[in-house]
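Structure record follows, encoded as structure tokens.
The values are calculated or read from the model by the stated rules, or taken from the named source; none is laboratory data. Owing to the predicted nature of the structure, the values given are computational and were not obtained by experimental measurement. Note that each Cβ is placed from the backbone with ideal geometry, even for glycine, and that neighbours are counted across all protein chains shown. To get the accessible areas, we keep the full protein, side chains included, count just its heavy atoms, and leave off ligands, DNA and RNA. Shrake-Rupley method; radii C 1.70, N 1.55, O 1.52, S 1.80 Å.
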Amino acid sequence: MTKKNLALPIATMFALFFIIAFVTGLQNPFGVMIKEQFVLSNLESQLGNFANFIAYAFMGIPAGLLLQRVGYKMTAKIAVLVGLVGVLITFLSSRLGNNPSVVFPIYLIGAFVSGFSMCMLNTVVNPMLNTLGSGGNKGNQLIQFGGACNSIGATIAPVLGGYLMGSSVELTSAALALYIAMAIFVVAFVVLSTVDIPEPQVEKSSLSLKEGIVGPLSYRHFVLGIVAIFIYVGVEVGIPNIANLWMTQPIDNGGLELGKDVAGSVVGTYWFLMLVGRLIGASVASKISSRVMLTSVASVAMILVLLAIFLPSSTTVQMPVFKSDISFGMDIVPVNIMLLVLVGLCTSVMWGGIFNLAVEGLGKYTEAASGIFMVMVCGGGVLPAVQGAIADATSYTASYWLIIAGLAYMLFFALVGSRPAHKE
């Protein structure tokens, strides 16, 4: 296949990277809409996000098995169709009126089905781009560009969601975002069906399913690492999700009235800083070890979150945030929120550091370990739901002690838990 012919499939993979983050990120503003439409608790508002991420626990290992049976291209096509169904179910829930006993369960089903799709796509896009780039530096470069598209999707989703909500408290106001998601899924399926895409070689493993699970789990540092990745994804998602709810409650903002559009813009800025952090991390990764990098960012993140907890919400600052037209502008926000947004620079590089430290020395179990890692992404649904419950019982500020505990564990993993035992 000529280089020119690869432009369309590469663009398709970039679009899939984008939509993974875009569809996942929509659960944040949707949670705010659902909470206000049906007068739900903070915990209940996070159930859509929980359903989206818990799907990884069910689909992580089956997605890897599906790759071996039908290949990458067919897995991608199945994932796109599943994603389209998930978004259609969410769209249907927005058209069923205001009966929470009808709308809310269907909304959760849509989020859960979308999560299946996101998990399958995550197992496809990285090796597919590596193959399209013929491996080596070119393949890695394409994956980095794909990661950038992922961050752009994560940035746009809350900004667009906040803009669409405005003063509305109904899920119907999210129709445009859902149309965009469905359109990308349809285009991606058509391209995958019509374009000749090189199929990555699936390495056949002699490991049984049981050995593929038990083998990696026999390494102490890997077990501690998958706990770290479970916590990390929960911290990464929980910080902006709960901050979004926090910003829309004047009584918790020192009386400051922040509209949903401003709140969405601020959350979008958090994800934008994750993009910035990834670019910085990629430029220094060859000079700094994963252990030093993870130790540094976990320590800085703990300081920022502690300051956000102890500083009064009545103290406000002006900070540059994304506007609804995806331009930068200044808005007045509580200083706590600005500090939480800055944590995005730290969380941006944690995944890579944790993964590298956790799989060190696993040898033949490395690929099986990657599948277990995908299962643990469900932490992105579990911890924000727990944080929401803490916010209901105490306050938004107090709920961030859960984030402190998570960051403390990641610091422990970097310093102590990631060191392989001598017998290993």
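Couple of notes before you dig in:
- The listed residues are V297, V375, V349, V335, and the only one of them that is open to solvent by less than 40 Å² (accessible area, probe 1.4 Å), touching a Ser or Thr at 6+ places or on another chain (Cβ under 6 Å) and not small (G, A, S) turns out to be V335.
- Any hit, region 100-107, residues being under 22 Å from M182 (Cα atoms) and surrounded by 22 or more Cβ atoms within 10 Å (Cβ to Cβ): yes
- Looking across G97, G83, one residue alone is part of a helix (DSSP H, G or I) and either under 30 Å from G371 (Cα atoms) or open to solvent by less than 60 Å² (accessible area, probe 1.4 Å) (or both). It is G83.
- Contact map, region 205-228: residues that are at pLDDT 70 or above paired with residues that are open to solvent by less than 40 Å² (accessible area, probe 1.4 Å) and among the polar types (S, T, N, Q), Cβ distance under 9 Å, separation 6+ or inter-chain. Pairs shown: H221/S418; L224/S418; G225/S418; A228/S418.
- Every pair of residues 6+ apart whose Cβ atoms lie under 7 Å, when the first sits in region 270-292 and is under 22 Å from I156 (Cα atoms) while the second is of a type in the set (F, W, Y): F272/F322
- Total residues in region 334-366, condition more than 24 Å from the chain's Cα centre (by Cα) and at pLDDT 85 or above: 2
- Restricting F38, F17 to those that are under 22 Å from V267 (Cβ atoms) and in contact with a Pro (Cβ under 6 Å, 6 or more places away or on another chain) reduces the list to F38.
- Residues that are over 21 Å from the mean Cα position of the chain (by Cα) and surrounded by 16 or more Cβ atoms within 10 Å (Cβ to Cβ) within region 57-70 comprise L66, L67, listed in sequence order.
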